[in-house]
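First up is the structure itself, then whatever we jot down about it.
Here, each number is a calculation from the coordinates, and none is a lab measurement. Here the structure is a predicted model, which means the values were calculated and not measured. Note that we place each Cβ from the backbone using ideal geometry, even for glycine, and neighbour counts take in every protein chain shown.
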């Protein structure tokens, strides 16, 4: 199986020589084609850069955080079962090739492993959050010193609660004196999770966008070669099997396997050409951009579904400044919150706006923004020796997936800026009038 993976990587590397940078990124790691299923790569697969030292005389005292749950099983059992059913139908007709038989056996193995686990946090997902918590503790020891307060909250979804548990257990192991509280309640869902609050106002917009993305999928998914390797009669397959959906489902399962240690060394990428992997990823990239990011096709409105969440960030930061206590607020939810929140905060290039969806992939890649366990850490700094600093004396930097993010306002020492300047800019974003009806 290792030789298969090496062949895939080398083949994709050759393909990247005549393509854009996104091909190079996929060539370096085919798992990136998993889109939002991409397992958090840091630091095992991609080293984290050293963080910029705090300006002289400053120390961190508070972290405002939102993180996605870690790697999980796919949320719909049908994604596992539908390709098994389709290939079983071909098997009963005596039309499976040797490749088709091998794929069916592999899919049956995966389906058996996921029984009653749709959407559950995986072992890899738990590891991701333990690692993030430990690095947060090591990066900002002053925040977690002594009896610092850690307020951890999760959406009501089990995988998010378990992600929270893994981080808070790690922090408690590192410092048993921490005062840690945890909660998961519908009371907080209006700002913590998708499908509540202002997000519901955007449902009709996403349904309109669905028509565009569905038509792109119908036009650009070409399953002929993929199916021909699996069945001996492609005419029969076209008439009796949902061949486009079959290809898409196998692609989703293939991209999800990286999230489970039991599938280490096990791959389904060999059933796709490098061009097919790149194209299927490109289409998923379009989906995530148009439905959850700053896309003209949605009226550039999607970032604003997270206004309540960003206001909570601001309020909790202001409270920490006023109270003068060390600590952190840790929130655990979904990529459908992280992505629009990062756009609203205008971190790095995530808020990119592009009407030309054919070229989107050259400028904006979802796997850089919403891998499993993606996270935003807003870190506040105050002058050493002060417990209740003036707000204008507080500095801030933001880590996006543990990388120092470019911010929409400048400061004397990037990546740091004054909290009052960033807060003013963010409040201006929050206060913008958004027409959800048009």
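So what is the relative contact order for the chain, in percent, with contacts set as C-alpha pairs under 8 Å and at least six apart?
Details: 746 pairs, mean separation 114.9, N = 438.
This gives 26 percent for the chain.
Across all Cα pairs in segment 35-179, the calculated P(r) in 5 Å bins from zero up to the longest distance comes to 2, 8, 14, 15, 14, 12, 9, 7, 6, 5, 4, 3, 1, 1, 0 percent per bin. If R0 is 41 Å, the Cβ-Cβ spacing of residue 356 and residue 181 corresponds to a FRET efficiency of close to 0.30. Taking 7 Å steps out from each Cα toward its Cβ at residue 56 and residue 123 produces label points 5.1 nm apart. Our estimate of slack between residue 300 and residue 388, defined as 0.36 nm per intervening residue step minus the Cα-Cα distance, is 27.8 nm. Note on segment 316-364: the C-alpha convex hull projects to 4.8 nm² when averaged across all orientations.
Compactness check for segment 26-92: Cα Rg over 2.2 N^0.38 Å is 1.91. Of 122, 185, 353, which is the most mobile in a GNM of the chain whose springs link Cα atoms less than 10 angstrom apart? Comparing 122, 185, 353 in the GNM, the peak value goes to 185. Rounded to two decimals, the Cα radius of gyration of the chain over 2.2 N^0.38 Å is 1.03. With contacts taken as Cα pairs under 8 Å and at least 6 residues apart, segment 280-438 reaches a relative contact order of 23 percent. The spread of Cα positions in segment 200-287, taken along each principal axis and listed from longest to shortest, comes to 45, 38, 22 Å. Structural size metrics of segment 231-367, computed from C-alpha coordinates, are Rg and Dmax of 20.4, 71 Å. The mean of 1/r over all distinct Cα pairs in segment 146-304, once inverted, gives the Kirkwood hydrodynamic radius of 19.6 Å.
Rounded to the nearest angstrom and listed largest first, the equivalent-ellipsoid semi-axes of segment 57-123 from its Cα gyration tensor are 43, 12, 9.
Radius of gyration over Kirkwood radius for segment 84-150, both on Cα atoms: the Rg/Rh ratio is 1.41. One compactness figure for segment 236-296 is 1.35, namely its Cα radius of gyration divided by 2.2 N^0.38 Å.
Per-residue ellipticity at 222 nm, computed for the chain from helices alone with -39500 (n - 2.57) per DSSP H run of at least four residues, works out to -14000 deg cm²/dmol.
P(r) for segment 347-401, from all Cα pairs and a bin width of 10 Å, is 19, 33, 23, 17, 8, 1 %, short bins first. Length available on full extension from residue 435 to residue 406: 0.36 nm per residue minus the Cα-Cα distance, which gives 7.6 nm. Computed extension gain for residue 211 through residue 322, at 0.36 nm per residue and net of the alpha carbon distance, reaches 35.1 nm. Computed over segment 314-407, the convex hull of the alpha-carbon atoms projects to a mean area of 7.1 nm². Computed from the C-beta positions of residue 172 and residue 81 and an R0 of 45 Å, the FRET efficiency is 0.70 to the nearest 0.05. Looking only at segment 262-303, which residues have a backbone nitrogen under 19 Å from a spot 7 Å from the Cα of residue 101 in the C-beta direction? Once the point is set 7 Å along Cα→Cβ of residue 101, 271 turn out to lie under 19 Å by backbone N, inside segment 262-303. For segment 250-287 versus segment 368-438, the inter-centroid distance based on Cα atoms is 34 Å.
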